[in-house]
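Novice: Shown below is the structure under consideration.
Since every read-out is calculated from the coordinates, none of them should be taken as a lab result. Keep in mind that this is a model prediction, so the values were computed, not measured. Positions of Cβ are backbone-derived with ideal geometry, glycine not excepted, and every protein chain shown enters the neighbour counts.
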Amino acid sequence: MAPRTEGTAAAPRSGIREVAYALAVRTALREEMLRDERIFIMGEDIGVYGGVYGATRGLLREFGEKRVRDTPISEAAIAGMAVGAAIGGLRPVAEIMYCDFLSIALDAIANNAAKLRYMSGGQLSIPMVIRTSAGGHGYAAQHSQSLEAWVAHIPGLKVVAPGTCADARGLLKSAIRDPNPVVVIEHKALYETTGPMPAQETLEPIGVAKVTREGRDVTLVSWSAMAGVCLDAAQDLAGEGIEVEVIDLRTLLPADFETVAASVSKTGRLVVAHEAVRYGGFGGEVVAQLTERAWGVLKAAPVCVGSRFAPVPFAEPLENHVAAGKRDVIEAVRACLTTR
């Protein structure tokens with residue numbers, strides 16, 4: 001799936017600067033570390049190397065080894081240390097380099113971080129962030145999956161998936177300040193793309209979707225890199241006289257289904273698109289929620305777009321064949337408009 005480069009449609013506005021997605025992430029980390037000395041970051045290659053995508057470059061030099069900690073290649077240890085540090089009064093931001101390896105860390109994340117506030121009767125707070133990357137970008141089957149549905153299924157967590165530079169900064173800052181564990185899923189194909197980011201410090205609220213394009217014919221919902229793909233698809237469909245309302249969900253847990261329902265009440269049609277495989281993907285939850293909330297106004301069955309049920313291939317042509325992309329979104333919108 002070719003990521004959309006933000007900021008190509010309009011010139012930067014006053015108070016807005018064009019930055020790379022990786023720089024937006026680094027800006028959020030730096031601002032929060034300057035604000036609160038309890039915050040520290042840790043993960044594989046995040047210190048000396050500066051992160052495999054450059055998102056932590058320069059932070060070791062500025063903050064030192066006490067607050068920028070390279071770890072062994074052990075996701076279980078990284079997540080476990082984050083839980084312990086959070087219980088002890090610190091505010092760790094831990095990186096799991098690829099979301100494919102969340103499975104190794106899930107005991108600490110799902111059974112400890114997500115449950116200890118409840119199991120302690122509210123006596124414990126777990127203010128920790130897990131940053132990880134998802135999606136295909138030539139990294140083959142073991143490093144290219146989109147597994148947001150795994151963590152969105154766990155009570156006690158919050159899950160965000162920023163698809164723009166502004167959200168990469170604003171949502172990460174909100175996640176770091178949250179008293180609960182938050183999983184922040186970044187898309188590896190976005191790190192080198194550029195887009196507008198407010199020059200001033202801005203927090204984006206967790207749990208609030210954003211209507212990125214208004215329309216009257218179909219509601220199109222997505223998140224992460226696919227949110228930009230959907231905007232491009234909507235632009236192409238506008239040339240055919242089809243006006244698509246695009247919603248970037250931004251947060252999967254808790255998800256802002258009210259904004260989606262309000263849009264569907266206007267358009268009467270719903271298409272959900274994500275890069276994760278369609279079967280068992282979070283798009284199915286969006287469809288289920290909106291079918292319950294907007295059954296009386298739906299003019300057609302909702303449509304869900306996702307990647308084919310197959311491992312992500314290494315070769316670019318094969319990856320593009322397996323991964324859902326703009327053509328799939330356009331075809332789904334057309335199909336939704338022609339069915340009753």
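Novice: List the pairs from K299/K326; K210/K266; K188/K326; K115/K210 whose alpha-carbon separation is above 27 Å, in the order I gave them.
Specialist: Values: K299/K326 23 Å; K210/K266 16 Å; K188/K326 18 Å; K115/K210 29 Å.
Long pairs (Cα-Cα over 27 Å): K115/K210.
Novice: Of the candidates D36, D217, D256, which one comes out as most mobile in a Gaussian network treatment of the chain with C-alpha springs shorter than 10 Å?
Specialist: Most flexible of the set in this elastic network: D36.
Novice: What number, in percent, do you get for the relative contact order of region 18-198 if the mean sequence gap of Cα pairs under 8 Å and at least 6 apart is divided by its residue count? Working shown, then result.
Specialist: Working: 374 pairs, mean separation 48.9, N = 181.
Once divided by the residue count of region 18-198, the mean separation gives 27 percent.
Novice: Calculate, for R38 and V208, the FRET efficiency according to 1/(1 + (r/R0)^6) with r their C-beta to C-beta distance and R0 35 Å; round to the nearest 0.05.
Specialist: On the way: r = 26 Å, r/R0 = 0.75.
My answer for the efficiency is 0.85.
Novice: Next up: Relative to the longest principal axis of the chain, what angle (0 to 90°, nearest 10) does the C-alpha long axis of helix 282-294 take?
Specialist: 60 degrees
Novice: Calculate the spin-label point distance for A76 paired with R57, positioning each point 7 Å from the Cα along the beta-carbon direction, and give it in nanometres.
Specialist: The answer from the label model is 3.5 nm.
Novice: Can you give the calculated 222 nm mean residue ellipticity of the chain, where each DSSP H run of n ≥ 4 adds -39,500 (n - 2.57) and the sum is split over every residue, rounded to the nearest 500 deg cm²/dmol? Walk me through the intermediate numbers first.
Specialist: Numbers: 12 runs with 117 residues, N = 340.
Taking each H run of at least 4 residues, the total per residue is -10000 deg cm²/dmol.
Novice: Between E258 and Q289, with labels modelled 7 Å along Cα→Cβ, what's the label distance in nm to one decimal, could you check?
Specialist: Taking the two extended label points, one gets 1.2 nm.
Novice: Pick from E243, E31, E95: which residue has the top mean-square fluctuation in a GNM of the chain where Cα pairs under 10 Å get a spring?
Specialist: In this elastic network of the chain, the residue with the biggest mean-square fluctuation among E243, E31, E95 is E31.
Novice: Normalized C-alpha radius of gyration of region 12-153, against 2.2 N^0.38 Å?
Specialist: In units of the 2.2 N^0.38 Å rule of thumb, it is 1.09.
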